[in-house]
Amino acid sequence: MNKSLNLRVNGVQPVKLATFKDLPDGNLFIAEAAKQIPFEIKRVYFINSLANPKAVRGKHAHRKLEQVLFCISGSLLLHLDDGENKQRVKLNDPSMGIWLRPLVWHVMSSFSYDSIILVLANEWFDEGDYIRDYAEFLRLARS
Ligand code: T46
């Protein structure tokens, strides 16, 4: 675990992948369900082609979904908000993930041209699980 991330937002924790550094022949990163990843994985998705420097993704929270989010190439800024505390975290280490539990408003921005986001989730996609309205998020997070 990278203590230097110093996460201060509730519902958020760092996740460190097992890593084998075989340079110059590559690095190997391992994510195993219920080991490094704190749940059984039901869905994997990734986002690439983030070359637009003004791209913004996220801008929502989830009601029940848990996810671990990695920046496996390049870098990005992850904005975290639990309704009381806000924090920005720079992700630029493929072995370092952020475990997002429910009711964490998250926004991603400032992508490097080569950035790739990888997400491991504990549930299938469900649009009904999204909270896309910030006022509703604040009401739920503070209740
Ligand atoms: C997060 C970032 C990194 C699906 O049909 N299935 C899926 O599994 C997903 C994730 C999305 N979609 C559809 C739903 C929307 O019509 O793809 C469209 C864009 O999805 P979304 O608004 O979720 O995209 P992002 O990049 O803003 O957010 C997603 C995650 O929801 C979010 O939690 O951390 O990726």
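The values are calculated or read from the model by the stated rules, or taken from the named source; none is laboratory data. The structure displayed is predicted, hence computed values, not measured ones. Cβ placement follows ideal geometry from the backbone for every residue including glycine, while neighbour counts extend to all protein chains displayed. Quick note on the areas: whole protein, heavy atoms, side chains included, nothing else; ligands and nucleic acids left out. Shrake-Rupley method; radii C 1.70, N 1.55, O 1.52, S 1.80 Å.
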Notebook entry, point to check: What is the one condition in (1) away from the ligand (no atom under 13 Å from the Cβ); (2) open to solvent by less than 90 Å² (accessible area, probe 1.4 Å) that Leu69 does not satisfy?
Noted result: (1)
Checklist line | Matching residues, region 41-65, being over 11 Å from Val119 (Cβ atoms), of a type outside the set (A, V, I, L, M) and modelled with pLDDT of 95 or more | finding: Lys42, Asn48, Ser49, Lys59, His60, His62, Arg63, Lys64
Next item on the list: May I ask you to verify whether Glu136 is free of Cβ contacts under 8 Å to residues at least 40 places away in the same chain, among the acidic types (Asp, Glu) and closer than 16 Å to Lys64 by Cα?
Entry: yes
Notebook entry, point to check: When residues of region 46-66 are filtered for being within 12 Å of the ligand (Cβ to nearest atom) and open to solvent by less than 70 Å² (accessible area, probe 1.4 Å), how many remain?
Noted result: 9
Checklist line | Which listed residue, of Leu28, Leu17, Leu76, is in contact with a Ser or Thr (Cβ under 8 Å, 6 or more places away or on another chain), open to solvent by 40 Å² or more (accessible area, probe 1.4 Å) and among the aliphatic types (A, V, I, L, M) | finding: Leu28
Check: Which of (1) at pLDDT 95 or above; (2) crowded, with 16+ Cβ neighbours inside 10 Å is the odd one out, the single condition Leu5 does not satisfy?
Finding: (1)
Checklist line | Leu103 touching a Phe, Trp or Tyr at 6+ places or on another chain (Cβ under 9 Å), closer than 14 Å to Gly11 by Cβ and in a loop (DSSP other than H, G, I, E, B) | finding: yes
Next item on the list: Taking Asp22 as meeting all but one of (1) touching a strand residue (DSSP E or B) at 6+ places or on another chain (Cβ under 9 Å); (2) at pLDDT 95 or above; (3) farther than 23 Å from Phe111 by Cα, write down the number of the exception.
Entry: (2)
Margin query: Please go through region 105-120 and give me each residue that is within 9 Å of the ligand (Cβ to nearest atom) and crowded, with 20+ Cβ neighbours inside 10 Å, ordered by number.
Written below: His106, Met108, Ile117
Next item on the list: Scan region 82-103 residue by residue and report those that are open to solvent by less than 10 Å² (accessible area, probe 1.4 Å) and within 14 Å of the ligand (Cβ to nearest atom).
Entry: Val89, Leu91, Gly97, Ile98, Leu100
